[in-house]
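Encoded as structure tokens, the structure appears first; notes follow it.
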């Protein structure tokens with residue numbers, strides 16, 4: 001199993017160093033939340049996780065950028081269009097990158113802090129249209145840009161436990177945190193924020209901005225609503241999210257209508273069989 005202890009130790013020491021700088025705010029659910037990280041912390045943590053992912057090819061078989069240059073041309077074009085939509089708060093601060101993981105059996109994508117994103121070939125091949133993929137990718141970009149990882153970790157373990165680990169009083173919790181770092185659930189508010197942010201990004205482009213709703217609708221049509229992947233599984237459920245995403249696009253008066261189904265097929269054909 002992949003170990004993230006070096007990353008966790010850096011993170012926890014940062015918590016201790018920044019103890020006097022903790023700022024309280026409200027999340028999209030109206031609950032108090034904490035963010036003890038600087039933007040540079042986000043970048044460093046993302047770099048740590050990226051290094052560990054790249055160092056574990058058995059669990060994360062990454063597609064080589066040179067061998068699969070055409071596939072990366074497509075994913076970079078979509079990714080960069082979203083990042084440059086004018087809706088990204090930390091566009092110039094984070095080193096935004098996207099990497100493809102070769103696993104056709106995994107319907108997933110995830111974002112590490114600092115703008116490091118990963119998408120599985122299983123997700124790319126499951127979708128039918130470019131605007132659907134762009135919607136899901138925009139959702140993950142939003143998680144990084146809104147810095148939701150810190151909120152998820154704080155909610156899951158509590159600031160007191162994190163400080164106990166720093167002080168050496170609760171080392172048994174370290175292993176548990178390490179094993180679950182990339183599977184921490186975002187809050188309902190976090191997911192809603194990211195859905196809406198994805199619509200805003202796409203609304204500035206020529207896409208049909210309801211792309212993420214198209215993904216959920218396909219899950220519903222195939223009877224897969226009950227097995228929604230981890231990265232999009234938090235409430236509201238798929239039915240509600242289709243309605244909410246569609247309503248947000250209407251509220252913003254999004255006029256784009258492009259789905260780029262043919263171009264997306266070219267993208268999928270550039271992936272390994």
Exercise for review: Determine the gain in length on full extension of the stretch residue 69-residue 239; use 0.36 nm per residue of separation and subtract their C-alpha separation, reporting nm with one decimal.
Suggested key: 57.5 nm
**Study point:** Nitroxide proxy distance, nm - points 7 Å out along Cα→Cβ at residue 92 and residue 104
**Key:** 4.4 nm
**Study point:** Relative packing of peptides 127-139, 106-118 - highest average C-beta neighbours within 10 Å first
**Key:** 127-139, 106-118
Review point. Sorted by mean Cβ packing within 10 Å, highest first, what order do the peptides 201-211, 58-68 take?
Key: 201-211, 58-68
Review point. Residue 54 to residue 80: extension gain in nm, 0.36 nm per residue of separation minus the Cα-Cα distance?
Key: 7.2 nm
Exercise for review: Sticking with the crude label model, points 7 Å out along Cα→Cβ, report the distance from residue 218 to residue 185 in nm, one decimal please.
Suggested key: 2.5 nm
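Here, each number is a calculation from the coordinates, and none is a lab measurement. Fair warning: this is a prediction, and the values are worked out from it, not measured in the lab. Backbone-built Cβ (ideal geometry, glycine too); neighbour counts: all protein chains shown.
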